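Engineer: My structure is below; once you've seen it, I'll send some questions.
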């Protein structure tokens, strides 16, 4: 006899005899689907005991687990909401900053443009002034060169004339003329009456 | 020609004056020294040579003697040699002028320096002397300097008075006008 058969027999010993047929093939249930009533009752009690034990001893920890889980999920949801709000705030700030940057860019561009125009205008004025000054200087220079050339020419003419005068005078003075000149001076000085005075008296 | 205030020059002039007067050749010495001074004044080569201390004094004195030779009195040559030999060549003109001043003053005369392009005849000198005396009221000791730069006529200087009858003055006026 197998162990199963032995167990079936032991259980059968405890159970009422009418609900089992014991033959040479072992214990055979009276109904092919439902077990006997006492077995259902016994198993129901056992199940209830198990459920109670689970409820009694595992319930709090399960409850706590779910409670913690709920809190965690809630926290994560709150954090998500907060992160979303922060992200939206950041996005808003970035959008604002972008707006500011754009405004600032426009302002800088505007200032740079104004400054460039100012520099350009100033440069034009300066260039115009310099051009006028250069023109005036060139005109003065030309006038000066013309004047200098004229002066040099006059000086040169005067030099040549002076040299020519000396040469002509020296060449034209012979002994008789020298004597005549000396006699003229003597005559003029002799004709002067009374003491002459001061520098540069000329006969 | 102005009177000097340098005591050394006056000292030399007085010494030369006394020697020439004692020798009885004051007029000649005075005239020769004056002429030599004018030559010295106008010749840079002569000035450089006679005042060059690197040339021995004896050699410079020999140059003076060679230059004057027999055209000057021995007293003039000796006095000039003495001045050159004592290293006073640079003061030669001032010494000669001081001597002329002193000699003229001794004769109660004013020095009249006359620059002329050509030499004046003795007659012209006499008449010029008289003419200057008439014009200035001073008796003058005429000192003639032949100066070609005058071109023609003459320039007479008596103290502060200048009588300019030179062609040079006329030419200069003409040049200034040009």
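The values are calculated or read from the model by the stated rules, or taken from the named source; none is laboratory data. A quick note: this is a predicted structure, and the numbers were derived from the prediction, not measured. Cβ coordinates were reconstructed from backbone atoms using ideal geometry, including for glycine residues, and neighbour counts include every protein chain displayed.
Engineer: Out of (1) surrounded by fewer than 18 Cβ atoms within 10 Å (Cβ to Cβ); (2) in contact (Cβ under 8 Å) with a residue 24 or more places away in the chain, what's the single condition that is false for residue B:29?
Structural biologist: Single failed check for residue B:29: (1).
Engineer: Something else about it: Restricting the search to the range B:85-101, which residues are buried (at least 20 other Cβ atoms within 10 Å of the Cβ) and either at pLDDT 90 or above or in contact with a helix residue (DSSP H, G or I) (Cβ under 6 Å, 6 or more places away or on another chain) (or both)?
Structural biologist: Once the filter is applied, which keeps residues that are buried (at least 20 other Cβ atoms within 10 Å of the Cβ) and either at pLDDT 90 or above or in contact with a helix residue (DSSP H, G or I) (Cβ under 6 Å, 6 or more places away or on another chain) (or both), the range B:85-101 yields B:89, B:92, B:94, B:95, B:96, B:98, B:99, B:100.
Engineer: Cβ-Cβ under 6 Å, sequence separation 6+ or interchain: first residue in the range A:164-175 and facing another protein chain (nearest Cβ under 7 Å), partner in a loop (DSSP other than H, G, I, E, B) and surrounded by 12 or more Cβ atoms within 10 Å (Cβ to Cβ). Which pairs?
Structural biologist: Final answer for the pair search is A:169/B:151; A:173/B:152.
Engineer: Just the residues that are under 17 Å from the mean Cα position of the chain (by Cα) and closer than 22 Å to residue B:25 by Cβ, please, taken from the range B:47-77.
Structural biologist: Once the filter is applied, which keeps residues that are under 17 Å from the mean Cα position of the chain (by Cα) and closer than 22 Å to residue B:25 by Cβ, the range B:47-77 yields B:64, B:67, B:68, B:71, B:72, B:73, B:75, B:76, B:77.
Engineer: Let me confirm something: among B:146, B:114, B:150, which residue is within 19 Å of residue B:41 (Cα to Cα), modelled with pLDDT of 90 or more and touching a strand residue (DSSP E or B) at 6+ places or on another chain (Cβ under 9 Å)?
Structural biologist: B:114
Engineer: So, one more: Looking at the structure I just gave you, is residue B:153 in contact with a helix residue (DSSP H, G or I) (Cβ under 6 Å, 6 or more places away or on another chain) and at positive phi?
Structural biologist: yes
Engineer: Okay, next question. Being assigned by TED's automatic domain parsing to the domain that holds residue B:168 and under 30 Å from residue A:191 (Cβ atoms) is the requirement here; does residue B:100 meet it?
Structural biologist: For residue B:100, the condition - assigned by TED's automatic domain parsing to the domain that holds residue B:168 and under 30 Å from residue A:191 (Cβ atoms) - is not met.
Engineer: Then there is this: Test residue A:61 against the criterion of being surrounded by fewer than 10 Cβ atoms within 10 Å (Cβ to Cβ) and either assigned to a helix (DSSP H, G or I) or in contact with a helix residue (DSSP H, G or I) (Cβ under 6 Å, 6 or more places away or on another chain) (or both), and give yes or no.
Structural biologist: It is true that residue A:61 is surrounded by fewer than 10 Cβ atoms within 10 Å (Cβ to Cβ) and either assigned to a helix (DSSP H, G or I) or in contact with a helix residue (DSSP H, G or I) (Cβ under 6 Å, 6 or more places away or on another chain) (or both).
Engineer: Could you tell me how many of the residues in the range B:129-158 are surrounded by 17 or more Cβ atoms within 10 Å (Cβ to Cβ) and under 19 Å from the mean Cα position of the chain (by Cα)?
Structural biologist: The total comes to 15.
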